[in-house]
Every structure is written in structure tokens, then in C-alpha cells.
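Please read the structure below before turning to the comments.
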Amino acid sequence: MHTSNTKALTLSTADVPRSERQGWLREVIGREYVKVEISPPADGALFNEMTIYPWEDLRLSAIRSNAIGIERLPGEPYRSDQDAYFAVVLLSGQYSLEQQGREVFLRPGDITLYDATRPHRIYCPRTFSKLIVSIPRTMLRDRIAGIEHCTALRIPGKDGIGAVASMFLRGSASQAGRLNPHEFSALAEQSLGLLTLAINSARPANFHLSRSRSLSLYRVKAFVERHLSDPGLNVESVASGVGLSARYINDLFKDEETSLMRHVWRRRLENCAKNLLDSAHVGHSLSEIALRWGFNDLSHFSRAFKQRFGCSPREYRQREH
């Protein structure tokens, strides 16, 4: 017999006048999670509701939202109690996360991880729901070697340990209101253990990169992100821009089993794919989108896109809409 139910904090834009919702939501996210900028949906119908459960040393949040973009900019301050990693379980809709030059697209049930204090960008093109488990940085550092290399990786939620962790977290969230505080708290350590196993399963083989090589790779990827739209971007211009030799840069990308220019083409294609799904670009032609991201040969763009996504850009846009 339950003596009491687990207490939760629910915050919703529905309780705020429409004209104040964007400012209110930015303030609430900054207070409860970390300071970010938000981009409301193109139709202006901003809706976001979060239910937050304290969970021993963790926090579990269940979030429902309309389309939204969220970005944490470089140099933004954060409170010491916000020094955390966020594990995300997508429940419904579409979700993409960019951090440290990587981008991950989740399907419902999938899990990913990001560092709340470092620059990141989240984009959800339509209504979605997700869970967030906030984990203090020190707790994950103690459990996973090379945790800093594990952000923005997709952990599939349909099989293996990812499926077990995903189902456990979804079950914990769905039953949280029916459990008493003692029962709910007892699930926190098990959840962290399952997330640790799931993240370890996706940890890249190159996590042993030295700190200097890791920082160099991050600098190169950050430079690439700033110049993706430049069709003249090449190995020489990147090397000059970051002050490293072309040979050293390509050696860094060997640790990720790719090359600098393959990384550039992949990021351009992923940005084109994102624009094709974005209602804000519905009136833009394929060639406009391709040119925006540095492609100056439409036939090459179409071939590369089909190779990456399994269909032509036109088919991709029609299929997703």
C-alpha cells in the first residue's frame, strides 16, 4: 500500500500568456537545466511542458513540446549544480543533437548523451516528447573512461542493452506518479547502472585520444562548422585557419576512421537534410538549399545525398512531409 506519491514539479507554457511564452521558457530552461537560446516553431505556436522528478542524485524530466530549436552558445556561464551530462530518451517525434562536431538523429526509443555545459544545438522539427536524465558530471566520470568522447552518439533503443535501458527509463517515468518516494528513489541507481552499460556499448574505440589531440580535433571541427557554407573550404584553408598542418589534421580524422573532407561532405549533407525537413525552408528549392551549404554542383549534390540517405533529395522531402 502506497503511503504517498512521488512529488513532481510541472511547468508549462500553457500557464503563461502567449506573448510571454518564449521569454518565460528561456528563463525556466536556464534555471532548471542550463542557459540556452530557443527558436520557436515557424507558426509561432510555442508549447512546452516539463514534469521534473528529483531522483536521488539524478533528476528525471518528462517533456512534451511543439517544434523547437535549442542552442547553448559558447562562453555562457552555468551554475555549479548544473555541471551535468544529460541522457535523452526520445519517446515520440524527431530529434537531432549536435555537439563537438558530431550530429545524431534519434528515433523513438533511442538514447543519446550530451554535456549540458558545452555548446550544443538541439532541433526538433515537429511535436515530440522525450525524457531527460540529469547526471552530475563526476558520477559519470567515475563510471565511464573517456566519457567526454561519448556525447552525440546514437544508442539504439530497439535491441541490446540500449533497449533494456530505454524500456527501464520509460517504465520508471510512466509509473513515477504511482510510486511512493522510497520505491521511486530505489530505481535511480539501477537506471544509472543501465545507462552506464548502454553508453559503454556505444563508446568509440578512439576514446583513448590524448587531451591535446582531442582539443585539436574539436578546434578543427568547430572551424569546419563555421565555414561549411563556403564552397572553397578545403584541407589547405582549414589547416591555415586553425594553424595545424594538413597532414596532422588528416591524421586526427584517422582516429575516427574518416578524413577531413569526408567529414565536411557529411556535415553539409546532414544540414541539407535538416533544411529539407524544416517548414521554414518549404519554399526554397533544392538548388537553393544545396548552394547554402557549399555545394556548387547540383548533380554531385544529388548523387552524394542519395548515397548518404538512400533516396534523392526530392524523394526525401516528399517522404518526410
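Has the range 246-253 got at least one residue that is outside the structural domain of V133 (by TED's automatic domain parsing), under 29 Å from D110 (Cβ atoms) and modelled with pLDDT under 90?
Step one: list which residues in the range 246-253 are outside the structural domain of V133 (by TED's automatic domain parsing), which gives 246-253.
From what's left, under 29 Å from D110 (Cβ atoms): 252-253.
Those left that are additionally modelled with pLDDT under 90: 252-253.
Yes, that holds for at least one residue.
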**Request:** Under 7 Å between Cβ atoms, at least 6 apart or on separate chains: pull out the pairs that start in the range 291-312 with a residue that is touching a residue at least 60 places away in the same chain (Cβ under 8 Å) and end on any residue that is of a type in the set (S, T, N, Q).
**Result:** R292/S229; W293/S229; W293/N271; G294/S229
**Message:** Scan the range 56-70 and tell me whether some residue there is more than 20 Å from the chain's Cα centre (by Cα), over 29 Å from K221 (Cα atoms) and in a strand (DSSP E or B).
**Reply:** no
**Request:** Search the range 71-95 for residues being of a type in the set (A, V, I, L, M, F, W, C) and part of a strand (DSSP E or B), and hand back the single one that is farthest from V34 (Cα to Cα).
**Result:** L91
**Asked** Just checking, how many residues over the range 39-64 are more than 15 Å from R18 (Cα to Cα) and in contact with a Leu (Cβ under 9 Å, 6 or more places away or on another chain)?
**Response** 14
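Yes or no, residue by residue, for (1) in contact (Cβ under 8 Å) with a residue 12 or more places away in the chain; (2) of a type in the set (A, V, I, L, M):
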| site | (1), (2) |
| --- | --- |
| T10 | yes, no |
| R21 | yes, no |
| Y53 | yes, no |
| S80 | no, no |
| V88 | yes, yes |
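Conditions tested, residue by residue: (1) touching a helix residue (DSSP H, G or I) at 6+ places or on another chain (Cβ under 7 Å); (2) among the small types (G, A, S); (3) surrounded by fewer than 18 Cβ atoms within 10 Å (Cβ to Cβ).
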| residue | (1), (2), (3) |
| --- | --- |
| V235 | yes, no, yes |
| S245 | yes, yes, yes |
| R262 | no, no, yes |
| R303 | no, no, yes |
| R308 | yes, no, yes |
| S312 | yes, yes, yes |
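Consider the range 25-44. How many of its residues are of a type in the set (S, T, Y) and crowded, with 18+ Cβ neighbours inside 10 Å?
Of the range 25-44, the ones of a type in the set (S, T, Y) are 33, 39.
Pick out the ones that are also crowded, with 18+ Cβ neighbours inside 10 Å and you get 33.
Of the residues in that region, 1 qualify.
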**Prompt:** What residue, among those in the range 120-148 that are surrounded by fewer than 20 Cβ atoms within 10 Å (Cβ to Cβ) and assigned to a helix (DSSP H, G or I), is nearest to the chain's Cα centre (by Cα)?
**Reply:** E148
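Filtering the range 287-301 down to residues that are assigned to a helix (DSSP H, G or I) and under 24 Å from the mean Cα position of the chain (by Cα), which residue is surrounded by the fewest Cβ atoms within 10 Å (Cβ to Cβ)? So that I can check it myself, show each step before the final result.
If we filter the range 287-301 for residues that are assigned to a helix (DSSP H, G or I), which is where we start, we get 287-292, 298-301.
Narrowing further to those that are under 24 Å from the mean Cα position of the chain (by Cα): 289-290, 292.
Numbers: I289: 21, A290: 23, R292: 16.
By that ranking, first place goes to R292.
Hey, any hits in the range 229-237 for a residue that's of a type outside the set (K, R), without any contact (Cβ under 8 Å) to a residue 24 or more places away in the chain and within 22 Å of Q100 (Cα to Cα)? Working first, answer last.
Taking the range 229-237 first, the residues of a type outside the set (K, R) are 229-237.
Then keep just the ones that are without any contact (Cβ under 8 Å) to a residue 24 or more places away in the chain; that gives 232, 236-237.
Subsequent filtering for residues that are within 22 Å of Q100 (Cα to Cα) retains 236-237.
Yes; the residues of the range 229-237 include at least one that is of a type outside the set (K, R), without any contact (Cβ under 8 Å) to a residue 24 or more places away in the chain and within 22 Å of Q100 (Cα to Cα).
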**Within the range 75-108, considering residues that are small (G, A, S) and touching a strand residue (DSSP E or B) at 6+ places or on another chain (Cβ under 7 Å), the one farthest from P125 (Cα to Cα)** = A84
**Request:** Return the total of residues in the range 96-119 being closer than 17 Å to E37 by Cα and either surrounded by fewer than 16 Cβ atoms within 10 Å (Cβ to Cβ) or of a type outside the set (G, A, S) (or both).
**Result:** 8
**Request:** Can you run down the residue pairs with Cβ atoms below 9 Å, 6 or more apart or on separate chains, where the first is in the range 121-136 and at positive phi and the partner is not in a strand (DSSP E or B)?
**Result:** none
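Determine whether K35 is within 30 Å of I147 (Cβ to Cβ) and assigned to a loop (DSSP other than H, G, I, E, B). Before you say what the answer is, go through the steps one by one.
Values: within 30 Å of I147 (Cβ to Cβ): yes; assigned to a loop (DSSP other than H, G, I, E, B): yes.
Judged against the criteria, K35 is a match.
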**Message:** Quick check on this structure: which one of S210, S216 is surrounded by 18 or more Cβ atoms within 10 Å (Cβ to Cβ), modelled with pLDDT under 85 and farther than 25 Å from L106 by Cβ?
**Reply:** S216
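Evaluate the range 13-23: report whether one residue or more is in the same structural domain as Y123 (by TED's automatic domain parsing), in contact with a strand residue (DSSP E or B) (Cβ under 6 Å, 6 or more places away or on another chain) and surrounded by 16 or more Cβ atoms within 10 Å (Cβ to Cβ). Lay out the reasoning, then the answer.
First pass over the range 13-23, keeping only residues in the same structural domain as Y123 (by TED's automatic domain parsing): 13-23.
Still in the running and in contact with a strand residue (DSSP E or B) (Cβ under 6 Å, 6 or more places away or on another chain): 13.
Filter once more, keeping what is surrounded by 16 or more Cβ atoms within 10 Å (Cβ to Cβ): 13.
Among the residues of the range 13-23, at least one is in the same structural domain as Y123 (by TED's automatic domain parsing), in contact with a strand residue (DSSP E or B) (Cβ under 6 Å, 6 or more places away or on another chain) and surrounded by 16 or more Cβ atoms within 10 Å (Cβ to Cβ), which makes the answer yes.
The values are calculated or read from the model by the stated rules, or taken from the named source; none is laboratory data. Everything numeric here is computed off the predicted structure, so don't read it as measured data. Quick reminder, even Gly has a Cβ in these numbers, built from the backbone with ideal geometry, and neighbours come from all protein chains shown.
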